[in-house]
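Let me begin by presenting the structure, written as structure tokens, before commenting on it.
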Amino acid sequence: MRVLVTGASGFIGRALVHDLVAQGNWVRAAMRMPADIFPRTVEVVAVSDLANPIEWRPLIRDIDAVVHLAGIAHTGAGVAEEVYDRVNRAATAALASAAVAARIKRLAFVSSVRAQSGPSSPRALTETDPPAPTDAYGRSKLAAEEAIRATNVPYTILRPALIYGTGVKGNLATLLRLAQSRLPLPLATLRSRRSLLARENLISAIHFILGTSATVGETSLVSDPTALTPAEIVAAMRAGLGRHAGLVPVPATLLAASLKTFGRADLWDRLGGDSVVDPAKLLAAGWSPLIETRAGLAAMAQAASPRKSGTASLSTL
């Protein structure tokens with residue numbers, strides 16, 4: 001199969017390109033800053049800032065399938081809603097229209113669970129729940145999905161949970177640094193559960209939908225099957241480092257008040273609230289995750305190089 005991967009130099013894209021090549025596919029890797037990071041058989045092409053109009057036709061010429069990863073990948077302070085819209089919706093809409101004209105066999109769009117829900121949900125999310133994004137990032141991802149559906153391109157949309165793996169950034173990276181430290185962490189009493197997704201499992205899901213006609217026209221949530229509490233996440237990471245969990249019981253109300261004092265009420269929404277994603281639809285279609293969550297977290301911690309161990313604090317998460 002001849003595959004175009006956008007966002008090819010990113011956290012997901014780089015690993016996906018290597019995996020596609022290893023499985024015998026020809027890959028065109030599109031990225032803003034071309035770099036010598038792939039085998040010589042990979043065609044690396046430059047793509048300008050998606051906030052500007054993109055000429056997609058040369059990029060999808062002679063291509064069978066597109067995996068669209070490029071975009072603003074997370075919520076961030078200071079990013080205007082119209083920028084999210086241009087990068088995540090308008091560029092995706094233009095790509096989908098070009099893919100129709102080029103008769104692409106499959107457009108795989110990696111959206112986000114945030115297109116469906118905010119940072120927490122009182123019940124496990126399924127595809128039957130009405131989408132209710134709570135920020136500009138989620139709204140732009142949902143709008144991108146709707147733009148794809150409005151075309152006649154054969155598409156499959158994935159809504160992944162929070163993705164982890166070696167080189168992860170953001171809140172999980174900070175939690176990993178805390179796990180690498182010797183600090184006792186006040187998470188033992190938290191009972192909230194959160195779904196995560198191993199990068200390897202997302203890549204296996206992308207392979208699955210590219211090769212499965214039954215997923216055409218479908219939108220599916222994707223996550224590791226087992227949701228964990230914050231305590232279990234840290235315990236798994238520290239197990240990968242060969243250490244005990246090192247968790248202490250602190251009342252949830254006190255932890256919530258402390259985080260709010262530090263101006264991190266948003267973090268309490270993530271630590272104190274449930275965010276469980278049910279991947280039953282994709283599992284029923286035949287997808288099988290490659291890695292179990294605790295083992296994946298342990299492997300990530302083991303592979304990561306400790307950085308300034310002991311200097312992080314919960315307020316920085």
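The values are calculated or read from the model by the stated rules, or taken from the named source; none is laboratory data. Since the model is a prediction, treat every value here as computed from it, not as a measurement. Methodologically, a virtual Cβ is constructed for each residue, glycine included, from the backbone with ideal geometry; neighbour enumeration extends over all protein chains shown.
Quick notes on this structure:
- Checking each residue in segment 204-227 for being surrounded by fewer than 20 Cβ atoms within 10 Å (Cβ to Cβ) and under 16 Å from TYR164 (Cβ atoms) picks out SER204, PRO225, THR226.
- Subset tally (residues that are touching a strand residue (DSSP E or B) at 6+ places or on another chain (Cβ under 8 Å) and free of Cβ contacts under 8 Å to residues at least 40 places away in the same chain) for segment 163-183: 1
- Top-ranked residue in segment 21-54 [being at pLDDT below 95 and acidic (Asp, Glu); ranked as surrounded by the most Cβ atoms within 10 Å (Cβ to Cβ)]: ASP49
- One residue stands out among those in segment 91-109 that are buried (at least 20 other Cβ atoms within 10 Å of the Cβ) and out of contact with any Pro (no Cβ under 8 Å at 6 or more places or on another chain): the one that is farthest from VAL66 (Cα to Cα), which is ALA91.
- If the condition is being basic (Lys, Arg) and under 27 Å from THR212 (Cα atoms), then segment 37-81 contributes ARG57, ARG61.
- Some residue of segment 256-269 being within 28 Å of ILE206 (Cβ to Cβ), touching a helix residue (DSSP H, G or I) at 6+ places or on another chain (Cβ under 9 Å) and at pLDDT 80 or above: no
- Only residues that are more than 25 Å from ARG194 (Cα to Cα), surrounded by fewer than 21 Cβ atoms within 10 Å (Cβ to Cβ) and either outside the structural domain of GLY13 (by TED's automatic domain parsing) or not charged (D, E, K, R) (or both) were counted in segment 62-86, giving 5.
- ARG123 meets all of the listed conditions (1) of a type in the set (Lys, Arg); (2) crowded, with 22+ Cβ neighbours inside 10 Å; (3) at pLDDT below 95 but one, namely (2).
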